[in-house]
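Notes follow the structure.
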Amino acid sequence: MKEAYFSLEGAAKTYGSKTIFQSINLSLNEGEILSIVGPSGTGKSTLLRCIAGLESFSSGHANLQGKQFDGYKVQDRPVGMVFQQPLLFPHLTVLENVIYGLKLTMSHRSAKAEGITYLKSVGLDEYLNEYPHSLSGGQQQRIALIRALIVKPKLLLLDEPFSSLDPDRRRELRDWVRMLLKEERMTALFVTHDREESMLLGDKVAILAEGKIQQTGDPKHVYENPVNEYAARHYADAIVLNETIYALNHDVKWSTSHETIPEDTISLKAEWINQTYQYGESYAHVKLVETNRRCIIPEKGHFSYVKPGSRGFIWVKQRDVRLFDKEQVNE
Amino acid sequence: MKRSLFYSLAILFFLFPAILLGLKSVTPIWRWGEPLSFNWTLRGWTSFWMDDRILHALWLSLLIALTVTLINLAVGMMAGKALSHSSFKGKSMLETLLLLPLFVPAMAAAIGLHITMIRLGLANHWTGVVIVHLVPTIPYTIKIMKAGYDRLGSDLIDQSRMLKAGPFRTFREIELPLLLPSVRSAVFLVVTISMSQYVLTAIIGGGSVITLPIIYYPFLQSVDDTVMAAFSIVFAILPVFAVLIIELISRFFITKNSFFNRGAV
């Protein structure tokens with residue numbers, strides 16, 4: 001097997017007796033983008049900070065091009081990072097911000113020339129001499145990304161770089177970032193709690209929940225074939241029936257009364273919340289009585305007569321019930 | 001309305017006394033009940049400059065104040081950063097401990113230090129005076145710099161490190177320029193405190209370290225308010241002068257195209 005460009009082996013982080021994450025194994029090929037998706041507070045940011053060297057792993061190793069680098073100081077690691085906030089230096093102009101890292105390896109003059117060329121190539125050269133406070137949040141984040149890219153790190157870490165932006169800016173910026181990363185053939189680790197974002201940016205996706213990588217693989221494959229309940233809950237649109245079986249949301253239907261449920265089905269008691277419409281489809285929002293979890297199922301029927309809070313059932317045909325494929329944790 | 005109120009108060013309480021002081025230093029003594037007369041005299045300034053210890057005292061006051069300031073900034077920044085950005089056991093305890101010198105009467109500290117200073121051979125020397133001036137100033141500087149670092153946060157420092165800048169470069173290009181407002185307040189406070197120390201300087205300096213206050217205070221007992229006014233003006237200008245010097249030093253240190261910054265290679 002070809003050796004991976006970047007890999008993490010058994011990485012773990014503990015604070016005292018509290019484990020943030022453990023036995024994290026990841027690998028990336030050159031030029032690949034991996035999205036790490038998971039709920040807030042699962043140590044996604046901490047994982048990136050450890051790879052960057054701002055914090056240290058409690059155990060495990062990080063390798064790049066066959067070289068272990070987790071013992072290096074921050075400034076000696078071939079790693080760049082973009083944070084949640086743009087963190088532009090407020091007392092420096094856009095150009096000075098962009099060439100801040102560049103000045104370390106080349107003269108001020110050539111750094112300046114290179115910065116201007118780069119900013120021109122991405123169409124942001126009109127802000128050259130502006131100070132960060134006069135830029136919008138999205139523009140600031142663009143400059144921050146360029147500042148990280150211009151020093152050509154071998155691995156770029158992106159820690160929810162869109163989380164401080166409003167939805168429209170977010171969408172716009174996502175496409176731009178993906179395009180730029182691909183143009184630069186950048187190997188990147190992208191952390192997010194937004195599933196859609198992870199699909200849009202990542203060539204591969206990894207689900208980090210409960211301090212462990214639950215599943216990695218191609219976004220579509222992971223979406224359709226979750227390996228366990230965590231993967232199902234955090235990435236797939238699936239209703240976990242028990243530890244071993246699940247049903248995809250689009251196979252699930254709503255019934256107001258028990259009599260209307262066909263035979264050979266599994267049904268669960270549920271509470272009606274409401275109905276929403278998106279992309280020409282309508283969706284029923286229901287809450288499972290037993291687990292108190294909310295789920296959204298595509299539902300063609302009109303249930304405007306159902307009062308929010310009234311009880312009913314959701315059901316799925318026996319033949320649509322699926323088994324978690326636990327063998328296949330890493331596709 | 002608010003603005004005019006501000007200006008009238010500022011004129012009443014700051015500008016008016018300053019002008020009065022300036023006038024007083026060039027007019028002869030006027031005693032209550034004497035008829036109002038208006039004569040000019042340079043006697044206040046000449047008797048001030050004629051004192052042959054004055055120039056030396058000015059220079060020494062400045063030297064002591066600036067040394068105290070530099071030590072304050074070095075200690076204050078390191079302690080302030082540690083208190084703000086790192087967490088360790090007993091942090092709040094340490095923070096309180098560092099403030100305690102303000103609650104002990106300076107005299108008590110000075111007398112205690114005096115014995116140590118004599119043993120170390122620092123008594124009756126300006127370096128001893130510098131050390132004793134640290135007692136009433138360091139707690140303030142630490143407090144100010146901690147607030148500065150609180151405001152700055154650690155994110156920008158992390159960002160600078162991620163762009164492969166070492167600690168020194170990060171300090172000079174990011175921390176120092178962004179902390180300049182805090183540095184200014186600390187400098188002003190420390191210089192003023194140091195320059196107005198009479199008791200501490202007298203005890204540790206033992207009469208052989210002659211700073212401006214040492215000459216100034218005996219004059220207070222005289223009734224010659226012309227000389228007093230001249231003295232006070234110099235006394236008020238000196239801290240401004242010291243702050244200017246620090247400002248120049250920091251400019252040189254920070255300026256974007258300064259000697260240090262002209263790109264390696």
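Quick one: is B:L189 over 14 Å from the mean Cα position of the chain (by Cα), of a type in the set (A, V, I, L, M) and farther than 18 Å from A:N97 by Cα? Judged against the criteria, B:L189 is not a match. Tell me yes or no: at least one residue of segment B:128-145 is touching a helix residue (DSSP H, G or I) at 6+ places or on another chain (Cβ under 6 Å), within 11 Å of chain A (Cβ to nearest Cβ) and in a helix (DSSP H, G or I). No, there is no match, as no residue in segment B:128-145 is touching a helix residue (DSSP H, G or I) at 6+ places or on another chain (Cβ under 6 Å), within 11 Å of chain A (Cβ to nearest Cβ) and in a helix (DSSP H, G or I). The test for being surrounded by 15 or more Cβ atoms within 10 Å (Cβ to Cβ) and either more than 14 Å from chain B (Cβ to nearest Cβ) or not in a loop (DSSP other than H, G, I, E, B) (or both) holds for A:G60. Number of residues in segment A:229-248 that are of a type in the set (S, T, N, Q) and over 20 Å from A:I213 (Cα atoms) equals 1.
Considering segment A:67-101, the residues that are part of a helix (DSSP H, G or I) and surrounded by fewer than 24 Cβ atoms within 10 Å (Cβ to Cβ) include one that is farthest from the other protein chains (Cβ to nearest Cβ), namely A:L95. From the list A:P262, A:P308, A:P226, A:P298, the lone residue that is surrounded by fewer than 17 Cβ atoms within 10 Å (Cβ to Cβ) and closer than 30 Å to A:I36 by Cβ is A:P298. Could you tell me whether any residue of segment B:176-183 is part of a helix (DSSP H, G or I), within 14 Å of another protein chain (Cβ to nearest Cβ) and exposed (fewer than 14 other Cβ atoms within 10 Å of the Cβ)? Yes: segment B:176-183 contains one or more residues that are part of a helix (DSSP H, G or I), within 14 Å of another protein chain (Cβ to nearest Cβ) and exposed (fewer than 14 other Cβ atoms within 10 Å of the Cβ).
For A:R185, the criteria (1) part of a loop (DSSP other than H, G, I, E, B); (2) outside the structural domain of A:I36 (by the TED database); (3) of a type in the set (D, E, K, R) hold in every case but one, which is (2).
One line per residue, one yes/no per condition, for (1) closer than 26 Å to A:E281 by Cα; (2) in contact (Cβ under 8 Å) with a residue 40 or more places away in the chain:
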site: A:R171; (1), (2): yes, no
site: A:D175; (1), (2): yes, no
site: A:T187; (1), (2): no, yes
site: A:D194; (1), (2): yes, yes
site: A:L200; (1), (2): yes, no
site: A:K204; (1), (2): no, yes
site: A:K212; (1), (2): no, yes
site: A:V227; (1), (2): no, yes
site: A:Y246; (1), (2): yes, yes
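For segment B:147-170, filtered to residues that are hydroxyl-bearing (S, T, Y) and buried (at least 19 other Cβ atoms within 10 Å of the Cβ), the residue that is farthest from the chain's Cα centre (by Cα) is B:S160.
Here B:I237 qualifies as free of Cβ contacts under 8 Å to residues at least 40 places away in the same chain and either closer than 30 Å to B:I118 by Cα or in the same structural domain as B:N72 (by TED's automatic domain parsing) (or both). In segment A:253-330, counting only strands (runs of 3 or more DSSP E) that sit wholly within it, the ones holding 1 or more residues that are in contact (Cβ under 8 Å) with a residue 60 or more places away in the chain and polar (S, T, N, Q) span A:253-255.
Just one of the listed residues (B:W30, B:W45, B:W59) is surrounded by 15 or more Cβ atoms within 10 Å (Cβ to Cβ), in a helix (DSSP H, G or I) and among the aromatic types (F, W, Y), and it is B:W45. The residue list B:A123, B:A202 contains one member that is in the same structural domain as B:S232 (by TED's automatic domain parsing) and in a helix (DSSP H, G or I), which is B:A202. Could you pull out the residue among A:K253, A:K269 that is among the charged types (D, E, K, R), over 26 Å from the mean Cα position of the chain (by Cα) and buried (at least 18 other Cβ atoms within 10 Å of the Cβ)? Exactly one of A:K253, A:K269 is among the charged types (D, E, K, R), over 26 Å from the mean Cα position of the chain (by Cα) and buried (at least 18 other Cβ atoms within 10 Å of the Cβ), namely A:K253.
Yes or no: A:D325 among the charged types (D, E, K, R), surrounded by 11 or more Cβ atoms within 10 Å (Cβ to Cβ), within 22 Å of A:V227 (Cβ to Cβ) and modelled with pLDDT of 85 or more? Taking the combined requirement at face value, the residue does not satisfy it. Just to be sure, is B:A108 of a type in the set (A, V, I, L, M) and surrounded by 12 or more Cβ atoms within 10 Å (Cβ to Cβ)? Judged against the criteria, B:A108 is not a match.
Here's a check for you: in segment A:102-145, which residue that is small (G, A, S) and surrounded by fewer than 18 Cβ atoms within 10 Å (Cβ to Cβ) is nearest to the other protein chains (Cβ to nearest Cβ)? Applying the filter and picking the extreme gives A:S107. Selection of segment A:1-45 for residues being of a type outside the set (A, V, I, L, M, F, W, C), under 14 Å from the mean Cα position of the chain (by Cα) and modelled with pLDDT of 90 or more yields A:S35, A:K44, A:S45.
So that you can scan it fast, the table gives a plain yes or no per residue for (1) farther than 30 Å from A:F313 by Cβ; (2) touching an Asp or Glu at 6+ places or on another chain (Cβ under 7 Å); (3) β-branched (V, I, T):
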{"site": "A:R178", "(1), (2), (3)": "yes, no, no"}
{"site": "A:E197", "(1), (2), (3)": "yes, no, no"}
{"site": "A:Y235", "(1), (2), (3)": "no, no, no"}
{"site": "A:V240", "(1), (2), (3)": "no, yes, yes"}
{"site": "A:L248", "(1), (2), (3)": "no, yes, no"}
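Scan segment A:146-169 for residues that are more than 14 Å from every other protein chain (Cβ to nearest Cβ), in a helix (DSSP H, G or I) and buried (at least 19 other Cβ atoms within 10 Å of the Cβ) and the total you get is 0.
When A:T46, A:T42 are checked against the criterion of being within 14 Å of chain B (Cβ to nearest Cβ), in contact with a Phe, Trp or Tyr (Cβ under 8 Å, 6 or more places away or on another chain) and among the hydroxyl-bearing types (S, T, Y), A:T46 stands alone in meeting it. In segment B:111-126 there is no residue that is modelled with pLDDT of 90 or more, β-branched (V, I, T) and either in contact with a helix residue (DSSP H, G or I) (Cβ under 8 Å, 6 or more places away or on another chain) or surrounded by 22 or more Cβ atoms within 10 Å (Cβ to Cβ) (or both).
The values are calculated or read from the model by the stated rules, or taken from the named source; none is laboratory data. Note that the structure is predicted; figures quoted are calculated from it, not measured. When we count neighbours, we look across all protein chains shown, and the Cβ atoms used for this are built from the backbone with ideal geometry, even at glycine.
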